[in-house]
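The values are calculated or read from the model by the stated rules, or taken from the named source; none is laboratory data. Model, not experiment: these values are computed from the prediction. Ideal geometry is used to build each Cβ from the backbone, glycine not excepted, and the neighbour counts take in all protein chains shown. In case anyone asks, the SASA skips ligands and DNA or RNA and just uses the protein heavy atoms, side chains included. Shrake-Rupley method; radii C 1.70, N 1.55, O 1.52, S 1.80 Å.
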Amino acid sequence: MSFASDTKSELLNVKADNCCILAELSALLRISGNISISSEGLRIEFHTTNIGIARKVIKSIKDSYHIEVEIRTKKQMKLSKNDIFIVIIQNKASKIINELSLMSQTENIMDDPLLIKECCKRSFLRGAFLARGSINSPTSSSYHLEIHSNDEQDALNITDLLNFFHLNAKTLKRKRGFISYIKESEKIADFLRVSGAMTSLFVYEDERIKRDFVNSITRVMNMDIANQNKTLW
């Protein structure tokens with residue numbers, strides 16, 4: 001599995017209080033969910049290609065609202081793509097939408113009652129990363145972490161939350177939506193710590209130290225070679 005997949009697998013097992021479970025669920029449904037209305041009433045759908053994340057949403061809904069939900073699978077048209085798992089929530093949909101602020105248009109997410117506590121802010125970021133986050137392997141040539149959003153305000157809110165923890169995050173428009181991203185290796189390590197991915201943090205830091213050490217040795221060797229060349233001339 002990739003480093004991003006390993007990180008998400010670890011985050012799925014982070015223990016949280018009831019208030020934090022709701023904050024995490026709010027992020028998951030905001031970022032990867034949609035709301036529709038029909039003759040049967042309101043309906044929330046959550047989409048993911050990760051069965052573990054689908055199970056997480058189902059368990060959180062059942063534990064918090066004591067209702068049954070429906071799950072469906074859908075084949076993607078493109079080759080070498082995973083199935084899409086769709087979690088459908090109809091019972092108590094209106095209550096869930098209101099309590100999780102799924103239709104909130106607030107420009108300051110810090111005002112959200114779900115995010116008063118710092119632990120809930122951490123959980124919201126964890127949910128957002130689980131929903132549509134990615135992170136480069138620390139062995140790659142560049143450091144990059146991002147969380148994708150279809151809605152610009154959601155992206156700005158995520159960036160604001162990241163910067164609440166001093167992660168120096170920025171927002172960027174892409175062809176298909178928006179991203180909140182972090183480029184500095186130290187800040188990415190801080191995000192792993194904030195979200196609760198401690199094992200991934202240790203792996204990340206170990207690889208980063210090895211990479212920086214090799215780069216330092218290479219620079220010293222290059223300087224020595226350059227100095228020797230100057231002496232010869």
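For region 18-103, applying the loop criterion from DSSP together with a ceiling of 12 other beta carbons within 10 Å to the GluC sites (Glu not before Pro) yields Glu40, Glu68.
Which entries of Lys56/Lys170; Lys117/Lys175; Lys15/Lys95; Lys62/Lys175; Lys8/Lys62 show an alpha-carbon separation above 31 angstrom in the structure shown? Checking Cα-Cα distances, Lys117/Lys175; Lys62/Lys175 exceed 31 Å.
State whether region 1-160 is rounded, prolate or oblate according to the following rule on the C-alpha gyration tensor (a ≥ b ≥ c being the square roots of its eigenvalues): a/c under 1.5 gives rounded; otherwise a/b larger than b/c gives prolate, and the remaining case gives oblate. Oblate shape, in that a/c is at least 1.5 and b/c is the bigger or equal ratio. Shape of region 1-91 from its Cα gyration tensor (a ≥ b ≥ c, root eigenvalues): rounded if a/c is under 1.5, otherwise prolate when a/b > b/c, or oblate? Because a/c hits 1.5 or more and a/b fails to exceed b/c, region 1-91 counts as oblate. Against the longest alpha carbon principal axis of the chain, how many degrees, from 0 to 90 and to the nearest 10, is the axis of helix 185-195 turned? With both axes taken from Cα atoms, the answer is about 30 degrees. Using the 1.4 Å probe convention, the accessible area of the chain works out to 56 Å² per residue with neighbouring protein chains retained. Here Thr73 and Cys19 are evaluated by their C-beta separation; at R0 = 30 Å the FRET efficiency comes out at 0.40.
First compute the accessible area of the chain with a 1.4 Å probe, then give the percent of it belonging to carbon and sulfur atoms. Please report the intermediate quantities before stating the final value.
Values: 6950 of 13140 Å².
Here it works out to 53 percent.
As a calculated quantity, the FRET efficiency between Glu99 and Ser9 at R0 = 30 Å, using C-beta atoms, amounts to about 0.60. Taking square-rooted eigenvalues a ≥ b ≥ c of the alpha carbon gyration tensor, is region 110-198 rounded, prolate or oblate, where a/c under 1.5 means rounded and, failing that, a/b exceeding b/c means prolate? Oblate shape, in that a/c is at least 1.5 and b/c is the bigger or equal ratio.
Averaging Cα coordinates gives a centre for region 14-85 and one for region 107-141; these two points are 17 Å apart.
Calculated from DSSP H runs of 4 or more alone, at -39500 (n - 2.57) each and per residue, what is the 222 nm mean residue ellipticity of the chain, nearest 500?
Numbers: 8 runs with 120 residues, N = 233.
Theoretical 222 nm ellipticity from helices: -17000 deg cm²/dmol.
Taking the Cα centre of region 103-165 as origin and charging only Cβ (+1 Lys, Arg; -1 Asp, Glu), how large is the dipole, in debye to the nearest 20? Mind dumping the intermediate values first?
Numbers: 5 positive and 9 negative charges, 81 e Å.
Using Cβ point charges on Lys, Arg, Asp and Glu, region 103-165 gives about 380 debye.
Converting phi to 3J(HN,Hα) with the Karplus coefficients 6.51, -1.76 and 1.60 and the offset θ = phi - 60°, region 154-169 yields 4, 5, 5, 5, 5, 4, 4, 5, 4, 6, 4, 9, 6, 9, 6, 7 Hz in sequence order, with x at every glycine or proline.
Ordered from highest to lowest accessible area with the whole protein assembly present and a 1.4 Å probe, Arg126, Arg176, Arg193, Arg132 read as Arg176, Arg193, Arg132, Arg126. Placing dummy labels 7 Å off each Cα toward the beta-carbon, the span from Arg174 to Ile88 is 2.9 nm.
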